[in-house]
Amino acid sequence: SFLIISDKTLIFKVNAKKTTFKFIYKPYKSFGFGGRGQFVYREYYDRFFRVDLDIFKKEFKTFLDIGCSRGFFTTYIAKAYNCQTLSVDVFNYAIKDCKENLELNNINKAILECSAVGSQEDSGKKILLNKNISPSTTSVITSDKIDTYATNSVVMVSIDDLYFRHRLKSIDLIKIDVEGYEYEVLEGSINSIKKYRPIIYLEFNFTRKRLEILNLFAEISYKPLIPLRDGSLTLLKEKDLQNIKYPNHNIFSIPDENFQEVLKNPKNII
């Protein structure tokens, strides 16, 4: 099985909660490039794909995939909700593969951009990517910031910048996977968040400033929720920060008004 996924390009099917979609595994020689984990785990790759997003009672017209990699989340949401998607990654190869996966599923409403996303203060700066680090662990934190253009450099933007640049009509769902830089990305999206009150899904276990993230959510009246294996949710409290029980611990954060909708069905929250 390992030899097969190492040596051949494969198209496989993912049976996620809301829809099915096709995805491409590529036998890149370097670790972290081809989507081995996505091929092996498929709809179990992330608990996001086990949650029925309809319980949030939110219309998804625009989805932002920050740290999109090869487009696993983008393809799913675009296929499930037929919405506008904006996918951003620091690697050109990832953007090209994301486009290929979207085209494979006949999705044509996508916007793709190669940038590094951060705070408003980061906007316009450049980072120099470290070629010796796997794409799956590349972060603004471990990259050198530079003032002038260089080969293998990427310009930084904020989500608020992206909103204006691409003339988005709304921001309804945001996924953030930026290897520890999540707090800064949230800072750089605060105007858009306050305006559109999107559902937010972000990497949390390995991020820095976890308490600061929870405090920020409290300030803007958002509730952090942990997705469970069966697709239900449980409320994350500050005292739970030391009790994270699985490695890739991501969380939903939803506006209080949507949380009240979730509570209407007791099966949604444990």
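Brief remarks on what is shown
- Within region 23-39, the residues that satisfy the criterion of being in contact (Cβ under 8 Å) with a residue 12 or more places away in the chain and under 23 Å from residue 229 (Cα atoms) are 23, 35, 36, 38, 39.
- Of all positions in region 176-194, none carries a residue that is open to solvent by less than 20 Å² (accessible area, probe 1.4 Å), assigned to a loop (DSSP other than H, G, I, E, B), touching a residue at least 40 places away in the same chain (Cβ under 8 Å) and over 27 Å from residue 92 (Cβ atoms).
- Total residues in region 106-133 satisfying the condition of being surrounded by fewer than 19 Cβ atoms within 10 Å (Cβ to Cβ), farther than 23 Å from residue 207 by Cα and at pLDDT 95 or above: the figure is 3.
Matching residues to (1) out of contact with any Asp or Glu (no Cβ under 6 Å at 6 or more places or on another chain); (2) within 26 Å of residue 137 (Cα to Cα); (3) aromatic (Phe, Trp, Tyr):
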residue: 164; (1), (2), (3): yes, no, yes
residue: 170; (1), (2), (3): yes, no, no
residue: 175; (1), (2), (3): no, yes, no
residue: 181; (1), (2), (3): yes, yes, yes
residue: 200; (1), (2), (3): yes, yes, no
residue: 204; (1), (2), (3): yes, yes, yes
residue: 208; (1), (2), (3): yes, yes, no
residue: 216; (1), (2), (3): yes, yes, no
residue: 230; (1), (2), (3): yes, no, no
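- Residue 11 β-branched (Val, Ile, Thr) and either closer than 28 Å to residue 225 by Cα or in a strand (DSSP E or B) (or both): yes
- Within region 30-65, being crowded, with 19+ Cβ neighbours inside 10 Å, closer than 23 Å to residue 97 by Cβ and among the aliphatic types (A, V, I, L, M) holds for one residue alone: 64.
- Filtered residue count, region 134-168, keeping only those that are outside any loop (DSSP other than H, G, I, E, B), at pLDDT 80 or above and open to solvent by less than 50 Å² (accessible area, probe 1.4 Å): 10
The values are calculated or read from the model by the stated rules, or taken from the named source; none is laboratory data. Everything numeric here is computed off the predicted structure, so don't read it as measured data. We place every Cβ from the backbone using ideal geometry, glycine too, and count neighbours over all the protein chains shown. Protein only, heavy atoms only, side chains kept; ligands, DNA and RNA dropped before computing areas. Shrake-Rupley method; radii C 1.70, N 1.55, O 1.52, S 1.80 Å.
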